[in-house]
Amino acid sequence: MPVTDVKHDPEALTLTITADFAAPVQRIWQIYADPRQLEKVWGPPSHPATVVSHSLTPGSRTTYFMTGPDGEKYASYWEITAVDEPNSFSFLDGFADLDFNPNPDLPVAENTYTFTEHGGGTRAIYVCTFGSAEDLQRVLDMGVVEGSTSAINQIDDVVAS
């Protein structure tokens, strides 16, 4: 399993996931840059993602939805804030309605994903920073650790295909 560590820090308002992949940094970058590959790993297996629009360029907006086992769709968006290909990218990640309008009642996280060479492969560090301890706890209660871990653990299969 690629995920090697998960930490949440209510004082720093962060959730940090570390994963190691037996693939070069550029290959892991491609998974996040290509919408068809991204949708294979963004949602957990129980809630696969459909990426509607995606470009890893600062100022762009990614829109996607996850579909639950009951057919219910859960929409979200990214607002890309910084890109250092193939080493890192940052974005705001928020919940939305099905027209991709932000849902102000749910938390928005500032995310930075960093990819570095490690042990002949790639170490990915995913850091999500929340506006408050309550927002962090809310997404923890929603199952973000389990969902993110199972989603990230799908990357090995995409790399192998």
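The values are calculated or read from the model by the stated rules, or taken from the named source; none is laboratory data. Note that the structure is a prediction, hence the values are computed from the model and not measured. Reconstructed Cβ throughout: ideal geometry from the backbone, glycine too, with neighbour counts over all protein chains shown. In case anyone asks, the SASA skips ligands and DNA or RNA and just uses the protein heavy atoms, side chains included. Shrake-Rupley method; radii C 1.70, N 1.55, O 1.52, S 1.80 Å.
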Inset, instruction - Just report the Cα centroid separation between region 26-48 and region 88-140, whole Å. - result: 15
Legend entry - Positive-end residue of Leu98, Ile80, Val158, charge dipole of region 19-161 with Cβ unit charges: Val158
Inset, instruction - Please work out how much length the chain gains when fully extended from Ser161 to Leu140, using 0.36 nm per residue of separation minus the C-alpha to C-alpha distance, in nm with one decimal. - result: 4.4 nm
Inset, instruction - Could you order peptides 2-9, 96-103, 109-116 by the average number of other Cβ atoms within 10 Å of their residues, highest first? - result: 109-116, 2-9, 96-103
Inset, instruction - Give the long-range amide H neighbours of Asn103: residues separated by 5 or more places, or on another chain, with amide H under 5 Å away, using H modelled in the peptide plane at 1.01 Å from N. - result: Phe95, Ala96, Asp97
Legend entry - Spacing of the two label points (7 Å from each Cα toward its C-beta) at Arg36 and Ser53, in nm: 2.1
Inset, instruction - Using Cα extents along the principal axes in Å as the read-out, say which of [x] 57, 32, 31; [y] 43, 35, 32; [z] 43, 34, 26 was calculated from these coordinates. - result: [y]
Legend entry - Surface per residue (accessible, 1.4 Å probe) for region 23-161, Å²: 48
Legend entry - Rounded to the nearest 20 debye, dipole of region 37-122 from Cβ charges on Lys, Arg, Asp, Glu: 180
Inset, instruction - May I ask you to give the percent of accessible area on region 22-161 that is carbon plus sulfur, with a probe radius of 1.4 Å? - result: 52
